[in-house]
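To keep things clear, I will list the structure first and then write my remarks on it.
Please treat every number below as a calculation from the coordinates, not as lab data. The structure presented is a predicted model; accordingly, all values stated were derived computationally and were not measured. We place every Cβ from the backbone using ideal geometry, glycine too, and count neighbours over all the protein chains shown.
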Amino acid sequence: MTHQQDDKSVERLAPQYLRSAEELRPCGRRSGEPGRLLLTGASGFLGRSLLKRIVKAMPDQDIFCLVRDENSFRSGLSGMSVSGQVHPLIGDLSLPLLGLSAQQWTELGQEVSTIVHAGASVNHFLSLERMVDTNVSGTLALLRLAGEHRDKRMHFISSMSILGRDHAGNRANRLPPQPPPGGYAQSKWLAECLTKICQSAGFDVSTYRVGGLGPDTETGEVNPRDWRWLTMRAALESGRWPISHGGPRWLPVDVAARMVIGNLAHHTAPAERYHLVAPSRPTWDAVFDELVRLGHDLERVDRETWFDTMRDRARARDETAMGILALRLPRQADRENAAQNQDTGAVPIGGVHPESWAPEHLPVTILWAARHGLLEARATSARWSSSSHRAGFPIPDSGRVVQKSVDTHRCHGG
Ligand SMILES: NC(=O)c1ccc[n+]([C@@H]2O[C@H](COP(=O)([O-])OP(=O)(O)OC[C@H]3O[C@@H](n4cnc5c(N)ncnc54)[C@H](OP(=O)(O)O)[C@@H]3O)[C@@H](O)[C@H]2O)c1
């Protein structure tokens, strides 16, 4: 679907959603009892990090996690100690009542005091039509829940992409009056319109516009579909490094999670819109230099050679290479998210200072990826992988190619 078709869809779909949001009111009942927390998107990159850190920071907090598939949710938690405080709830953001029974819906309405909404269909290739049920109807349903039985505080995870190329409006307190291009960004923009309407009606909704989320600086966990990671991975595996401008502007996912949780803990912080963005970025050259220093054998190549290399890999059904060709990387690396590159106002949120991902985080990132089958083991440098091995980071047998499937249609970067 073209941008023009998406624009027509947003014009057609928006009025019904805006009308529905205008009908919502908070019930006006604030229970003194501490309530439960409802988290959506807990099986995703950010949601997992949020869950892990909420469990740690709030050991007495009962947490419902709305998930579509309990098995994959639980397997994604491997290594995370989850006590009896986490309760998976099978549902679906795109369905009426979030796919819950009427009784479950009522119980949630009564028992939950905080909603953290991180679930979304994150796919820059899909049209608005394909995302509206999950990203817009799902947000509307949660806003409705926020006002039923007891007033709840809602924390909505949005995206810097809603700003499109509207540089002048790149401020947290502003919602652009026109939708940005692209189905995903439009779905997040429309969801923000709903939260804005509800905020004016007295709902307690904070919105967090997230830029590019980078690897976890503590564990090294990467987002396997992030285009910056795909570039690094393909370079490490092919031994070729594409010459490009710019650099990976990444707010580490653990830092983003701590910022949101800082606000959860400060019940008195007023509901606002926040920008969760990295204050700076390393250059791709700095990333390259650090990889070489770590012992990687990398050759700098021009774009043509890089794309030829990726084409050869794609013919061998290498999904990382396919993702790179589909996204025309590293051309995207030069552009980055236009909105993010402006004065983003990276400020402390929830008492946590924003930090940027830096090349020093490469060892833990690469080891995590290798351990989880997201990098050919031989692509880790012998020099430091052996010392890390001693430090307790076992990696798969060297030379064995382990590849987890990367859904190239869901490549994203926010
Ligand atoms: N990653 C970034 O760089 C970035 C940048 C800007 C904004 N964001 C925002 O941050 C949030 C989290 O993104 P992420 O990177 O963690 O994405 P992700 O890894 O793709 O995770 C998305 C989560 O949403 C869930 N989900 C999707 N459709 C659903 C449905 N119909 N019903 C219930 N759950 C559903 C997924 O569950 P399944 O496991 O069942 O698929 C998954 O848990 C999103 O709101 C996104 O817009 C992310």
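Taking each residue as 0.36 nm, the span from Arg165 to Asp7 lengthens on full extension beyond its C-alpha to C-alpha distance by 55.4 nm.
For the pair Arg303 and Asp289 in one chain, pulling the backbone fully straight at 0.36 nm per residue adds 3.2 nm over the alpha carbon distance. Distances between placed amide hydrogens fall under 5 Å for Leu276 paired with Arg209, Val210, Gly211, all partners being 5 or more residues away or on another chain.
What is the local net charge at Met259, summed over the other residues whose Cβ is closer than 11 Å to its Cβ (Lys, Arg +1; Asp, Glu -1)? Summing Lys/Arg as +1 and Asp/Glu as -1 gives 0. Remark: segment 181-186, residue by residue, has Karplus-estimated 3J(HN,Hα) of x, x, x, 5, 4, 5 Hz, where x stands for each Gly or Pro and the curve is 6.51 cos²θ - 1.76 cosθ + 1.60 at θ = phi - 60°. Taking amide H as placed 1.01 Å from N in the peptide plane, Val116 has its amide H under 5 Å from the amide H of Leu38, Leu39, Thr40, His155, each at least 5 places away in sequence or on another chain. Multiplying the residue separation of Arg19 and Arg174 by 0.36 nm and subtracting their alpha-carbon distance yields 53.7 nm. A simple rule links phi to the HN-Hα coupling: the Karplus curve 6.51 cos²θ - 1.76 cosθ + 1.60 with θ = phi - 60°, which for segment 146-159 gives 4, x, 9, 6, 8, 6, 10, 8, 10, 10, 9, 8, 10, 9 Hz, with x for Gly and Pro.
Take each peptide in 63-75, 179-191, count the other Cβ atoms within 10 Å of every residue, and average; sorted highest first, the result is 179-191, 63-75. For segment 3-210, a crude dipole built from +1 on the beta carbon of Lys and Arg and -1 on the beta carbon of Asp and Glu, taken about the Cα centre, is about 520 debye to the nearest 20. Note on Lys56, Lys196, Lys152: ascending count of other Cβ atoms within 10 Å places them as Lys56, Lys196, Lys152, the fewest first. Straight-line reach from Lys188: taking Cα to Cα under 28 Å and skipping same-chain neighbours fewer than 8 places apart, the lysines in range are Lys8, Lys52, Lys152, Lys196. May I ask for the distance between the Cα centers of segment 59-73 and segment 231-276, given as a whole number of Å? So the two Cα centres are separated by 23 Å. Calculated FRET efficiency, Ile243 to Asp60, Cβ-Cβ distance, R0 = 60 Å: about 0.70 to the nearest 0.05.
If you plug the beta carbon distance of Arg68 and Gln110 into 1/(1 + (r/R0)^6) with R0 = 22 Å, you get a FRET efficiency near 0.40. Couplings 3J(HN,Hα) for segment 307-313, derived from phi with the Karplus relation 6.51 cos²θ - 1.76 cosθ + 1.60 (θ = phi - 60°), are 5, 4, 4, 5, 4, 4, 5 Hz, where x marks Gly and Pro. Database remark: amide H of Trp250 closer than 5 angstrom to the amide H of Trp357 (H placed geometrically; neighbours at sequence offset of 5 or more, or on other chains; Pro and chain starts carry no H).
Counting other Cβ atoms within 10 Å as a rough exposure proxy, the listed residues Arg281, Arg273, Arg171 run Arg171, Arg273, Arg281 from fewest neighbours to most. Ranked by how many other Cβ atoms sit within 10 Å of their own Cβ, fewest first, the residues Val347, Val255 fall in the order Val347, Val255. Listed peptides 85-91, 128-134 appear in the order 128-134, 85-91 once ranked by packing, highest mean of other Cβ atoms within 10 Å at the front.
With both labels modelled 7 Å from their Cα along Cα-to-Cβ, the His149 to Ile90 distance reads 2.1 nm. The dipole here belongs to segment 105-176: it is taken about the Cα centre, uses +1 on the Cβ of Lys and Arg and -1 on the Cβ of Asp and Glu, and is about 340 debye.
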